[in-house]
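The values are calculated or read from the model by the stated rules, or taken from the named source; none is laboratory data. Source: prediction; values computed, not measured. We place every Cβ from the backbone using ideal geometry, glycine too, and count neighbours over all the protein chains shown. Accessible surface areas use protein heavy atoms only, side chains included; no ligands, DNA or RNA. Shrake-Rupley method; radii C 1.70, N 1.55, O 1.52, S 1.80 Å.
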Amino acid sequence: MKELLFSSVFFGVFISLLGYEIGVLLKKKFKLAILNPLLIAIILVIAALRLLKIDYQTYYDGAQYLSYLLTPATVCLAVPLYEQLTVLKQHWKAILAGTASGVLASLTSILLLARLFSLSHEQYVTLLPKSITTAIGMGVSEELGGIVTVTVAVIIITGILGNVIAEIVCKLFKIKEPIAKGLALGTAAHAIGTVKAMEMGEIEGAMSSLAIAVSGLLTVAGASVFAQFM
């Protein structure tokens, strides 16, 4: 019975959703930024796999079905953007400039850190798409010759970190403008950051959704250029 459960194609989905739901409950109960549901889910899934001695492939055989929902979920972020279309039209220059600055800062910081720590070209291009959504970042990493699995891990870590420290950073630098908050989160922390932006407000969520798409496109072009620098 045990072997049948673990080999089920739905096992990966079940344990992933269970871990995430536990994370949501903990976040609601304690209201601590560090208790990010995705972070809690990752920790619980790893612990469960090690405790039950289940290999990753068995888990992934079921969990991969959740990945199929990644792209349509990203597309659905266009809904809050449409609802704030008037704001977009009024501030499109500032929005474009802010997003472009964020992408440039991300790519430049990776280049500087890669040189500082003497990373190889493969390691360098693996990190370049760290701030864009997984659906785009995987393709960028593969095209540039990076390590796709590491890219996915870095993207998730970046998103969780952005989600956790977003409010602290905004308070520290006294960022109160909703558009600025949304653009910063979407550009730096992609979809996971957008979750936090939506918690902050409708405008923040809409601008963050826009930033995901714009920063993704700019990073695709920018990463190809920056990949030549090392």
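Solvent-accessible surface (1.4 Å probe) assigned to Val13 amounts to roughly 30 Å². Only Cα pairs under 8 Å and at least 6 apart count here; give the relative contact order of segment 99-164 as a rounded whole percent. Rounded, it is 28 percent for segment 99-164.
Summing Cβ point charges (Lys, Arg +1; Asp, Glu -1) relative to the Cα centre of the chain gives a dipole of roughly 720 debye.
Under the simplified labelling scheme, the Ser109-Leu70 pair shows an inter-label distance of 2.2 nm, with each label point 7 Å from Cα along Cα→Cβ. Lys and Arg at +1, Asp and Glu at -1: add these up for the other residues within a Cβ distance under 15 Å of Val148 and post the number. Residues close to Val148 contribute a combined charge of -2.
Could you tell me the relative contact order of the chain? Use alpha-carbon pairs under 8 Å, at least six residues apart, and round to a whole percent.
Once divided by the residue count of the chain, the mean separation gives 20 percent.
Compute the Cα gyration tensor for segment 30-156, then decide on rounded, prolate or oblate, letting a ≥ b ≥ c be the square roots of its eigenvalues: rounded whenever a/c is under 1.5, prolate when a/b is larger than b/c in the other cases, and oblate in all that remain. Since a/c reaches 1.5 but b/c is at least a/b, the shape of segment 30-156 is classed as oblate.
Neighbours of Gly205, meaning other residues whose beta-carbon lies under 15 angstrom from its beta-carbon, give a summed charge of -4 when Lys and Arg score +1 and Asp and Glu score -1.
Which one, Phe173, Val154, Thr126, projects farthest toward the positive side of the charge dipole computed for the chain from Cβ point charges (K/R +1, D/E -1)? Toward the positive end, the furthest listed residue is Phe173. In the structure shown, the pairs Lys31/Lys93; Lys28/Lys89; Lys27/Lys130; Lys130/Lys196 are assessed against 29 Å; a Cα-Cα span above that value is assigned to Lys31/Lys93; Lys28/Lys89. On full extension, the segment bounded by Phe173 and Glu122 gains 14.9 nm, given 0.36 nm per residue less the C-alpha separation. Only protein atoms count toward the accessible area here, which uses a 1.4 Å probe; on segment 127-175, the carbon and sulfur part of that area reaches 72 percent.
For segment 76-119, rounded, prolate or oblate, judged on the Cα gyration tensor with a ≥ b ≥ c (square roots of eigenvalues), a/c < 1.5 rounded, else prolate if a/b > b/c?
Values: a/c = 8.44, a/b = 2.61, b/c = 3.23.
Taking the square roots of the gyration eigenvalues as a ≥ b ≥ c, segment 76-119 is oblate.
The three principal axes of the Cα atoms in segment 145-230 give end-to-end lengths of 39, 21, 21 Å, sorted in falling order.
Near Gln84: Cβ cut-off under 11 Å, other residues only, Lys/Arg at +1 and Asp/Glu at -1. The net charge is -2. When the Cα atoms of the chain are aligned to their principal axes, the ranges along those axes come out at 60, 43, 31 Å in descending order.
Under a Gaussian network description of the chain, with springs only between Cα atoms under 10 Å, the residue in Ser118, Ser215, Ser16 that fluctuates furthest is Ser118.
Once the Cα-Cα distance is subtracted from the 0.36 nm per residue extended length, the Thr149 to Ala94 segment shows a gain of 16.4 nm.
Would you mind calculating the relative contact order of segment 127-180 from Cα pairs under 8 angstrom and at least 6 residues apart, reporting the percent as a whole number? Display every interim value, and only then the final one.
Values: 32 pairs, mean separation 17.2, N = 54.
Taking the mean separation of contacting Cα pairs over the length of segment 127-180, I get 32 percent.
Ignoring any ligand, DNA or RNA, what whole percent of the accessible area of segment 46-89 comes from carbon and sulfur when the probe is 1.4 angstrom? Could you put the intermediate results ahead of the total?
On the way: 2150 of 3250 Å².
Carbon plus sulfur share of accessible area: 66 percent.
Return the single residue from Ile160, Ile168, Ile132 with maximal mean-square fluctuation; model: Gaussian network over the chain, springs between Cα atoms under 10 Å. Per the Cα network of the chain with a 10 Å cutoff, Ile168 tops the list.
Taking all protein chains into account, the per residue accessible area for segment 79-230 stands at 50 Å² (1.4 Å probe).
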